[in-house]
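Asker: Dropping a structure here in structure tokens format, bear with me for questions.
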Amino acid sequence: MTKPDFNNFPSSFRGSTFRPDDPDYAQVRTIWNCRTADATPAFIAQCADVDDVVTAVRFASEHNLPFAIRGGGHSMDGSSMPDGAFVVDLSLLKSIEVDPESGKVKAEPGVLLGEIDAATQQYGLVVPSGTVTHTGVAGLALGGGLGFNTRRFGMTVDNMLACDLVTVDGRKVRASADENPELFWGLRGAGHNLGVVTSFEFQAHRVGPDVYSGMIIYSLDDAEKVLTGLDAHMAAASRALTVDPVLLPAPPLPGLPESLVEAPILILIVVYTGDPATGEDTIAELLAALGTPIANAVGPSTWLEANSILDSISPHGRRNYSRGGYIAGLTQPVVAEFLEQISQTPAPDGPPMSAAIAIQAVSGAVHEFDEDSVAFSRTGAMWLWEALVGWDAPDRDEEFLGFTARVLDALKPHILSNSYVNLTAHQGEEWLRGLYGSPEKFRRLQQLKSEWDPRNLLRFNKNIEPSR
Ligand SMILES: Cc1cc2nc3c(=O)[nH]c(=O)nc-3n(C[C@H](O)[C@H](O)[C@H](O)COP(=O)(O)OP(=O)(O)OC[C@H]3O[C@@H](n4cnc5c(N)ncnc54)[C@H](O)[C@@H]3O)c2cc1C
């Protein structure tokens, strides 16, 4: 690697550049997760357009310089703003085009989930994606994309039609079923490793604006019955219904007795996107199967309200970490481990929540797409769980990281060997090799990496090294 002289960064670059001493540097380098706030990237090139991306990437290539990519800035490992790195910042590339007739949606890589939802909802459409409005479309879509529409339409990768990208040597190429199909296969699950995507094309679906959503709260005493009952209920439930359980020490919530605040409870996050006229009956059937809750706050809402339900527990500026994986079912032994672990969380450190076990449905339409249709792996997965922590005091890092490690250890006997790259911090080389589901898929990805990024310039990610 030749040491880059950023004084020679091309003057043709139209965007802005930032070095540690520049006045706006601190603001530009700040990402959602404050745990890596001490990291000081050497040079941030904030692109104004796709030609800027080419300029920045060619600079990196000419200097044989590994570079990071900043999309929405929500990677759990802080990989979009690493210490000492050259960062290609795409956060200002925010164009969204919606074709209301075909439902095809084009989005640039600086777009956030709330922005794509707002643009598509103007036409009653939704691109299946994730659940917190300030998450980046780019990183989410290139890893998989799991959310409240997954049971109906599959993952974001299952609804991706094409990507335009800049290769690590600075060429503009397109990847779709017809053009560079092998690259397109890899981009849908391992896309952080293969090039800089400058435009996504998705197939949106009719959803909303009126849906049913909200939270249902159960006591921990009822949680085993509710969670195992939920597993059975969802196997036959409408795919328009998603119920994502969260176990956590209770924050103050409407309808929750004060005596339960800070005691571990079970919250079901419920979103029903079917005919609103059937919403009430759908929720009544759910409650009949699970039992009487402490509080039920599910009711009519808009899709935009439903898909921002989790924003309030995911604020910017805290120290955050998560580890998790797939499970085949909410069986009694699995649930017993969850309940044991949620009773041993570290003492809270600041609002709105400090520790949780969050579980998301990976069922329904997801399994209509063949395991080998894209790089993302799904075989056997019915739920994805994460031990999530958010805290403020740096001197409590060990305590909070320790909680996620203990939950992971306790769940080890039940976790599938395949996993989802996005909703967890890195779990090491062995985990990475199992992540994509089979040795054949991993080898296929290594070959793609050798072809599209042989020098491993894109290594600030859950890195697949080129095959030698
Ligand atoms: C609060 C929160 C809620 C979340 N909720 C969900 C959820 O509901 N469902 C879900 O599936 N996931 C969810 N995630 C996980 C999320 O999908 C990943 O963290 C994802 O990587 C975020 O993408 P980003 O663009 O915001 O992040 P960034 O940190 O900017 O990028 C993440 C990774 O993607 C790479 N990358 C970014 N842009 C590009 C590009 N244009 N081309 C190539 N590589 C690129 C980066 O190099 C980096 O490795 C959530 C994360 C957070 C923090």
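Asker: In what order do Ser213, Ser16 fall by count of nearby beta-carbon atoms within 10 Å, going from fewest to most?
Answerer: Ser16, Ser213
Asker: Under the rule of at least 5 residues apart or a separate chain, name every residue whose amide H is placed under 5 Å from the amide H of Val207.
Answerer: Leu125, Val126
Asker: Right, next: Find the percent of Cα-Cα distances in the stretch 340-403 that exceed 21 Å, and round it to a whole number.
Answerer: 44 percent
Asker: Quick one: angle between helix 220-236 and the longest Cα principal axis of the chain, in degrees between 0 and 90, rounded to 10, please.
Answerer: 70 degrees
Asker: Here's another thing I want to ask about it. Could you line up Cys47, Cys34 from fewest to most neighbouring Cβ atoms inside 10 Å?
Answerer: Cys34, Cys47
Asker: While we're looking at this one, here's another question. Within the stretch 88-189, which GluC sites (Glu not before Pro) sit in a loop by DSSP and count at most 10 neighbouring Cβ atoms inside 10 Å?
Answerer: Those that pass, being in a loop and sparsely packed, are Glu101.
Asker: Relative to the first principal axis of the alpha-carbon coordinates of the chain, what is the inclination of helix 50-62, with its axis defined by its Cα atoms, in degrees from 0 to 90 and to the nearest 10?
Answerer: It is inclined by approximately 70 degrees.
Asker: How far, in nm, would the chain grow between Ala48 and Leu304 when pulled straight, counting 0.36 nm per residue and subtracting the alpha carbon separation?
Answerer: Taking 0.36 nm per residue and subtracting the Cα distance, the gain is 89.3 nm.
Asker: Please report the relative contact order for the stretch 210-411, taking Cα pairs under 8 Å with a sequence separation of at least 6, and give it as a percent rounded to a whole number.
Answerer: 27 percent
Asker: So how much slack lies between Asp275 and His426, counting 0.36 nm per residue of separation and subtracting their Cα-Cα distance, in nm?
Answerer: Result: 50.4 nm gained on full extension.
Asker: Which FRET efficiency value, to the nearest 0.05, do you get for Glu465 and Ala177 by plugging their Cβ-Cβ distance into 1/(1 + (r/R0)^6) with R0 = 25 Å?
Answerer: For R0 = 25 Å, the calculated efficiency reads 0.35.
Asker: Hull surface divided by four, with the convex hull built on the Cα atoms of the stretch 16-89: how many nm²?
Answerer: 4.6 nm²
Asker: Continuing with this model, one more query. Given all pairs of different Cα atoms, what value in angstroms does the Kirkwood hydrodynamic radius of the stretch 64-141 take?
Answerer: 13.3 Å
Asker: Ranked highest first by the average count of other Cβ atoms within 10 Å around their residues, in what order do 217-229, 68-80 fall?
Answerer: Those peptides, ordered most packed to least, come out 68-80, 217-229.
Asker: Moving on to the next point. For Ala288, what is the net charge nearby, where nearby means another residue's Cβ is under 14 Å from its Cβ and Lys, Arg count +1, Asp, Glu -1?
Answerer: With Lys, Arg at +1 and Asp, Glu at -1, the net is -2.
Asker: For every other residue with a beta carbon closer than 10 angstrom to the beta carbon of Gly364, add +1 if it is Lys or Arg and -1 if Asp or Glu, then tell me the sum.
Answerer: +2
Asker: Here's something else I'd like to know. Principal axes first, then extents: for the Cα atoms of the stretch 210-411, list largest minus smallest coordinate on each axis, whole Å, largest first.
Answerer: The Cα atoms of the stretch 210-411 stretch 50, 45, 32 Å along their principal axes.
Asker: Moving on to the next point. Need the C-alpha centroid separation for the stretch 33-112 versus the stretch 326-400, integer Å.
Answerer: 27 Å
Asker: Here is a follow-up. Taking the number of other C-beta atoms within 10 Å as the exposure measure, put Met353, Met215 in order starting with the fewest.
Answerer: So the ranking, lowest neighbour count to highest, is Met215, Met353.
Asker: Which whole-Hz ³J(HN,Hα) couplings does the stretch 396-408 yield from phi under the Karplus relation 6.51 cos²θ - 1.76 cosθ + 1.60, θ = phi - 60°, glycine and proline marked x?
Answerer: 10, 3, 4, 4, 6, 5, x, 4, 5, 5, 5, 5, 4
Asker: So, one more: Under 28 Å between alpha carbons: how many lysine pairs meet that in the chain, if sequence neighbours fewer than 8 apart on the same chain are excluded?
Answerer: The result is 21.
Asker: Rounded to the nearest 10 degrees, what's the angle between the helix 181-190 long axis and the longest principal axis of the chain, both from Cα atoms, 0 to 90?
Answerer: 60 degrees
Asker: Pairs of alpha-carbon atoms within less than 8 angstrom and 6+ residues apart define the contacts here; what relative contact order does the chain have, in percent?
Answerer: With pairs under 8 Å counted, the relative contact order is 16 percent.
Asker: Something else about it: Report the Stokes-Einstein translational diffusion coefficient (µm² s⁻¹, integer) for the chain, Rh taken as the Kirkwood radius over Cα pairs, at 25 °C with viscosity 0.890 mPa s.
Answerer: In µm²/s, the coefficient rounds to 108.
Asker: Per Stokes-Einstein, at 10 °C and 1.306 mPa s, what whole-number D in µm² s⁻¹ belongs to the stretch 202-279, with the Kirkwood radius over Cα pairs as the hydrodynamic radius?
Answerer: 113 µm²/s
Asker: Compute the signed sum of charges (Lys and Arg +1, Asp and Glu -1) over the other residues within less than 13 Å, Cβ to Cβ, of Val334.
Answerer: Counting the neighbours of Val334, the net charge comes to -3.
FYI, it's all coordinate maths here, none of it is from the lab. Source: prediction; values computed, not measured. A quick note on method: Cβ atoms are made from the backbone with ideal geometry, for glycine too, and the neighbour counts reach across all protein chains shown.
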